[in-house]
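These notes concern the structure reproduced below.
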Amino acid sequence: MDTLLSPRRRTLLKALGATALLAGCGEAPGIARRPLAAIQGPAMGTVWNAKLAGPLAESLAGKASTAVAAALEGVVARMSTYLESSELSRFNAMAAGKPLAVSRETLEVLALARVVSEATSGAFDATIAPAVDAWGFGPSGKRRVPSSDELAALAARIDWRAIAVDREAGTLTKARDGVRADLSGIAKGYGVDLAARALDALGATDYLVEAGGEVRVRGRNAEGKPWRIGIERPDAVPQEALLVVPLDGLSMATSGDYRNFFEQDGRRFSHEIDPATREPARGSLASVTVVANDCGWADAMATALFVMGAERGRAFAVEQGIAACFIERAEGGRLADRQTPAFARLGAERAKA
């Protein structure tokens, strides 16, 4: 397995100060391996990881580390709600009707968010920021359960159609005051796409790059086989994979309720908030994983499918031909996964115990 997407593991690595490490991997007996360079560093409140395989791996490692870090740091600088200087924060603070000139990258992300919002009838909604803050999943970090009246009052401020994206003019405009955007459900995936573009520009042909549980790969791993990506078993301590998916030229993103949540009165409240109710999504789902060409799209769609829930989300994914895996909590603490036909064709394997 080339990587296990585990936010807890990345948090640990960050705490240990893992930055821009170059490392080779030991060879398994009897397996001819190509050169492999592994690099990592901090970004987006987590640790990004990349692996380069093939003859150019070691010679590109230094430039690749710089390029990936720059791509991800650029997304943070433009789209973080934690930075008052970011384009997104400045847009959120503006009054309605006033266009704000922003970068091509921010326009690209919000245009993509709009596409996913329209396709999912608003199950993904970038204007979810007021609800994110109300539950304490935003910059304040003060977790709490808002009153029903407070949540009802947020309805007028959450509507993906209230942000106009003018890519020709290079501007964003909100239709009414109080509308604010939160791109945490798409920005990490988009950042991974930018990092992959940077690696392509350097001439890398065989690589894996991941940040915050979103991954994109190209070519083959050190064994000359498709990259093997582990889908984490929700709630497992220590971390372990439930499924391992072989990927080549594709991206994978996972949304779940076990990464960022708090509990009160016996109920788990996760950061995956339903725009229709302004409450954390409820149901049997523990996680949804989506595989697609672009990581930003997969990131946003995984969020939308999680919000839709196990039945409606899977029906939608099957109808649309989306490669998605739904992991549900069953009776007795068991986990059950259901794969769409498009996901099943990828050839995922059960992880070995």
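The values are calculated or read from the model by the stated rules, or taken from the named source; none is laboratory data. Everything quoted here is computed from the prediction, not taken from an experiment. Here Cβ is always computed from backbone atoms with ideal geometry, including for glycine, and neighbour counts include all displayed protein chains.
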> For the stretch 305-353, what are the residues that are part of a strand (DSSP E or B) and among the polar types (S, T, N, Q)?
Replying inline: Gln339
> Which residues, taken from the stretch 232-270, are among the small types (Gly, Ala, Ser), at pLDDT 80 or above and crowded, with 16+ Cβ neighbours inside 10 Å?
Replying inline: Ala241, Ser251, Ala253, Ser255, Gly256
> Can you name the number of the only condition in (1) out of contact with any helix residue (DSSP H, G or I) (no Cβ under 8 Å at 6 or more places or on another chain); (2) of a type in the set (A, V, I, L, M); (3) at pLDDT 95 or above that Met308 fails?
Replying inline: (1)
>> If I go through the stretch 327-352 residue by residue, how many of them are basic (Lys, Arg) and either surrounded by 10 or more Cβ atoms within 10 Å (Cβ to Cβ) or farther than 19 Å from Val237 by Cα (or both)?
In response: 4
>> If Val145 satisfies all but one of (1) of a type in the set (A, V, I, L, M); (2) surrounded by fewer than 21 Cβ atoms within 10 Å (Cβ to Cβ); (3) modelled with pLDDT of 95 or more, what's the number of the condition it fails?
In response: (3)
>> Would you confirm, using the coordinates I've provided, whether Thr277 is of a type in the set (Ser, Thr, Tyr) and surrounded by 20 or more Cβ atoms within 10 Å (Cβ to Cβ)?
In response: no
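Looking only at the stretch 179-210, which residues are assigned to a loop (DSSP other than H, G, I, E, B) and modelled with pLDDT of 95 or more? If you could, list the steps in order and put the result at the bottom.
The first filter runs over the stretch 179-210 and keeps only residues assigned to a loop (DSSP other than H, G, I, E, B), leaving 179-186, 203-206.
Once the filter is applied, which keeps residues that are assigned to a loop (DSSP other than H, G, I, E, B) and modelled with pLDDT of 95 or more, the stretch 179-210 yields Val179, Arg180, Ala181, Asp182, Leu183, Ile186, Gly203, Ala204, Thr205, Asp206.
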